[in-house]
1. Do you know which of the residues in the range 119-130 that are out of contact with any helix residue (DSSP H, G or I) (no Cβ under 6 Å at 6 or more places or on another chain) and under 21 Å from A82 (Cα atoms) is surrounded by the most Cβ atoms within 10 Å (Cβ to Cβ)?
2. So, of the residues in the range 140-174 that are surrounded by fewer than 20 Cβ atoms within 10 Å (Cβ to Cβ) and touching a Ser or Thr at 6+ places or on another chain (Cβ under 7 Å), which turns out to be nearest to S40 (Cα to Cα)?
3. Output the number of residues of the range 55-94 satisfying the condition of being of a type outside the set (S, T, N, Q) and closer than 26 Å to A39 by Cα.
4. Any idea which residue in the range 70-118 is surrounded by the most Cβ atoms within 10 Å (Cβ to Cβ), counting only those that are touching a Ser or Thr at 6+ places or on another chain (Cβ under 6 Å) and within 30 Å of E147 (Cα to Cα)?
5. Of the numbered conditions (1) crowded, with 18+ Cβ neighbours inside 10 Å; (2) modelled with pLDDT under 95; (3) farther than 20 Å from G143 by Cβ; (4) of a type in the set (A, V, I, L, M), V42 satisfies every one except a single condition; which is it?
6. Being more than 18 Å from the chain's Cα centre (by Cα) and free of Cβ contacts under 8 Å to residues at least 24 places away in the same chain is the filter; apply it to the range 40-69 and report the residue that is farthest from D108 (Cα to Cα).
7. State whether one or more residues within the range 52-72 are among the β-branched types (V, I, T) and at pLDDT 95 or above.
8. So which residues in the range 144-171 are of a type in the set (G, A, S) and within 10 Å of I123 (Cβ to Cβ), if there are any at all?
Amino acid sequence: MNKIISSSLLSLFLMTTPSLAAMPACADKADAPMNVDKASFVKVVTSSNAFEIESSKLAEQKAKDADVKEFAVAMIKDHTMAAEEMKKAAKLDDVPAKLSPKHAAMLDLLKGASEQDFQSLYIGMQTTAHMEAVTLFATYAKGGDDEAVKAFAAKTLPKLKMHKMHVMHMAAAH
């Protein structure tokens, strides 16, 4: 039964997916899948940075393993710096570190997590957050509507990719 379902899902995926021959050889060479306006990008990035910083402050205190605590320290440092650089690029004097409802709910979930569940939950959330961030920054760097913010996105993208790889290695190790 599971093989039938798996085969059906694979068939459905292949029917709805563009031909691999039509896809670019490298994702970095592809056009942006959509255009993101500056205001939307700034809003999402502001919330994401605030989530990264606040969740990592919790991880500094609650994580069990040293590598997770070290990752948290790096997240606080790097995302604080990214927030400041974005303010400069976007020419904004003050961008309040307001969490979106999604990020607020994620942070609340972390705050309420048991000691036993905290670390794996944090790593899982960081993995998802960095996958989303890489996609968002790559999209804006290619199709954004503000040259200074596009340059910020392009400059920040390699660091986010590094964070993503780091957290994925942590996820595999824990």
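1. My answer is A129.
2. So the residue we want is M168.
3. Within the range 55-94, the subset of a type outside the set (S, T, N, Q) is 57-60, 62-79, 81-94.
From what's left, closer than 26 Å to A39 by Cα: 75-79, 81-94.
Final tally of qualifying residues: 19.
4. M75
5. (3)
6. Across the range 40-69, the extreme among qualifying residues is A66.
7. The answer is yes; a qualifying residue exists.
8. First, the residues of the range 144-171 that are of a type in the set (G, A, S): 144, 148, 151, 153-154, 171.
Answer for the range 144-171, where residues must be of a type in the set (G, A, S) and within 10 Å of I123 (Cβ to Cβ): just A171.
The values are calculated or read from the model by the stated rules, or taken from the named source; none is laboratory data. It should be emphasised that the depicted structure is a prediction, and the values quoted were computed from it without experimental measurement. Positions of Cβ are generated from backbone atoms using ideal geometry, with glycine treated the same way; all protein chains shown enter the neighbour counts.
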